[in-house]
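Everything below concerns the one structure shown next.
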Amino acid sequence: MNDVIQKIRDEKDAHRAKLQEWLRIPSVSTDSRHNADTRRAAEFILAELQESGFEARLNDTPGHPVVTAEWLGAPDARTLLVYGHYDVQPPDPVALWRHGPFEPVIEGENIVARGATDDKGQALALIRGIGAFLRVRGRLPVNVKFLIEGEEEIGSPNLEPFIRGTRDALAADAVLIADCSQFAPGIPAITVGLKGLVYLEVTVTGPNRDLHSGSFGGAVENPGHALCRLLSSLKDDDGRVTIPGFYDDVIPLTDEERAAFRALPFDEERYRADLGVARLHGEPGFTTLERVWARPTLDVNGLVCGWTGEGAKTVLPARATGKFSMRLVAAQDPAKIQALVTEHLNRLCPPTVSLEVKPLHGAEPVLVPADSPYLKAAARAVARGFGKEPVFMREGGSIPVVATFKKVLGADSILLGLGLNDDNAHSPNEKFSLESFQRGIETVAYLLEEVAAL
């Protein structure tokens, strides 16, 4: 591997320049004003794959395009499908950025821009590593396919139909994804569990127009008050979800799993201090890692009601809207949970207002089999690329397509973590370690060799 690794190291500046160029494209998938930019980001990675020697194409969908590519010159070898996404979260609030969110700046050993770690930096590490291998050797030790989409940040609404429609073309023995984090700086990790997701928008409607709070207050139910009561009914003061049946399918952690979590070098006080909170809060009877990784949760994500501009406006609002999400663990069914919470809210909604519950986003929980040979190959590759054995961890976030790959293609996913928990994904001043970027490029090159040896 010396020739491949040396090539990767010689191209260090080129790797960074490519990442900066891609990060300058504001591919915000949720904002239709950026549709042309989002397509431009897809075209950028299409060209990158073609330049690296892959047969690549841009596939239109009812939403944003999907980029696919492949190199199939090893007919008797295994096949890896590499997944990533080129769309990014909105940069708001823009005023909190140290510079323009789409003006990537290198600050010390980090590159700062929207999409740096989620997921352009991590996805490009995979592409550059495999591309370098192909350029040096002229062939790969395994077959490789790519699927790079542009709707992950909005729930990938068009991806599952695309995967089902191209099932044979995407067939693979395993899927490689880099859209996770290391356990901590200097502690590389492979993620073996992801939470599922149910994301709902709840709208409470009262009078047919906003009212003067003095003239009508006390005579008409305030939708804001009603919404707050409904949302507060979802959890108790200790953080336990109170929706009947919510925990019925949760598989309890084993003693061995809890011991493995405790063995990790997690500093709870440092975690608390970094977040700037007076104390941590959550479901009683579980450690912080257990709550974040292996217990279901519920959190309000947004509230809109009445006057939110500067100064005072004494209004009794006609409607109030709240958005909240539930992160689910293995064996919990998102459809069942959605039905349970909808029934709960409708049962408690007062007759003085009307209620609408609208689903916005969802994903199934995932646990990767611990005895997977691909997981073991990935661990060996990470040890070679990062110079240290990885730990195995779970993640409180969701990657909806992982369950789709298992369901449709029958393939488990290798979830590499190249980012860090303090990378500010989805927040202002998102960053990505350039050292981790370089090590990720080398790791994926080693991974090709490790998978070929299985």
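Numerical summary
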{"quantity": "Contour excess over end-to-end distance, with Cα ends at ASN2 and PHE216 and 0.36 nm allotted per residue", "calculated": "69.3 nm"}
{"quantity": "Antiparallel bridges, percent of DSSP beta bridges restricted to the range 1-153 (to nearest 5)", "calculated": "60 percent"}
{"quantity": "Least to most buried among SER215, SER436 (fewest other Cβ within 10 Å first)", "calculated": "SER215, SER436"}
{"quantity": "Gain in span if fully extended, ASN208 to ARG240, counting 0.36 nm per residue against the direct Cα distance", "calculated": "7.9 nm"}
{"quantity": "Relative contact order of the chain, defined on C-alpha pairs under 8 angstrom at six or more residues apart (%)", "calculated": "26 percent"}
{"quantity": "Residues of the range 231-259 with amide N under 15 Å of a point placed 7 Å along Cα→Cβ from GLU343", "calculated": "242-249"}
{"quantity": "Correct option for semi-axes √(5λ) of the Cα gyration tensor in Å [calculated from the coordinates] among (1) 108, 29, 18; (2) 34, 25, 23; (3) 41, 25, 22", "calculated": "(3)"}
{"quantity": "Under 11 Å, Cβ to Cβ, from GLN50 - net charge with Lys/Arg +1 and Asp/Glu -1", "calculated": "-3"}
{"quantity": "Spacing of the two label points (7 Å from each Cα toward its C-beta) at ASP31 and ARG270, in nm", "calculated": "3.5 nm"}
{"quantity": "Helix runs (DSSP H) in the chain reaching 18 Å along axis by Cα, Kyte-Doolittle at least -1.0", "calculated": "35-51, 121-137, 334-348, 373-386, 434-452"}
{"quantity": "Sites HIS281 and LYS313, calculated FRET efficiency, Cβ-Cβ separation with R0 30 Å, nearest 0.05", "calculated": "0.35"}
{"quantity": "Extension gain, GLU356 back to LYS376 (0.36 nm per residue minus Cα-Cα distance, nm)", "calculated": "2.5 nm"}
{"quantity": "The chain, helix-only ellipticity at 222 nm - DSSP H runs n ≥ 4, -39,500 (n - 2.57), divided by all residues, nearest 500", "calculated": "-10500 deg cm²/dmol"}
{"quantity": "Residue among HIS212, TRP307, PRO284 farthest towards the positive dipole end of the chain, charges placed on Cβ", "calculated": "HIS212"}
{"quantity": "Dipole magnitude (debye, nearest 20) for the chain, charges at Cβ of Lys, Arg, Asp, Glu", "calculated": "180 debye"}
{"quantity": "Residue order, fewest to most surrounding Cβ atoms within 10 angstrom, among VAL28, VAL105", "calculated": "VAL105, VAL28"}
{"quantity": "Simple spin-label estimate for LYS388 and ARG57 in nanometres, 7 Å along Cα-Cβ", "calculated": "4.4 nm"}
{"quantity": "Neighbourhood net charge (12 Å Cβ-Cβ; Lys/Arg +1, Asp/Glu -1) for ARG384", "calculated": "-1"}
{"quantity": "Flagged links, alpha-carbon separation over 31 Å, of LYS313/LYS431; LYS18/LYS323; LYS195/LYS376; LYS145/LYS388", "calculated": "LYS313/LYS431; LYS18/LYS323"}
{"quantity": "Residues with amide H under 5 Å from that of ARG319, placed H, sequence gap 5 or more", "calculated": "GLY206, GLY306"}
{"quantity": "Proxy reagent accessibility, fewest Cβ within 10 Å first, across THR61, THR308, THR321", "calculated": "THR308, THR61, THR321"}
{"quantity": "Mean Cα-pair separation over length for the range 321-454, i.e. relative contact order, pairs under 8 Å, 6 or more apart, %", "calculated": "27 percent"}
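Values quoted throughout were computed directly from the atomic coordinates according to the rules given, and no laboratory measurement underlies them. Computed from a prediction, not measured in an experiment: that's the story for all the values here. Here the Cβ is made from the backbone with ideal geometry for all residues, glycine too, and neighbour counts use every protein chain on show.
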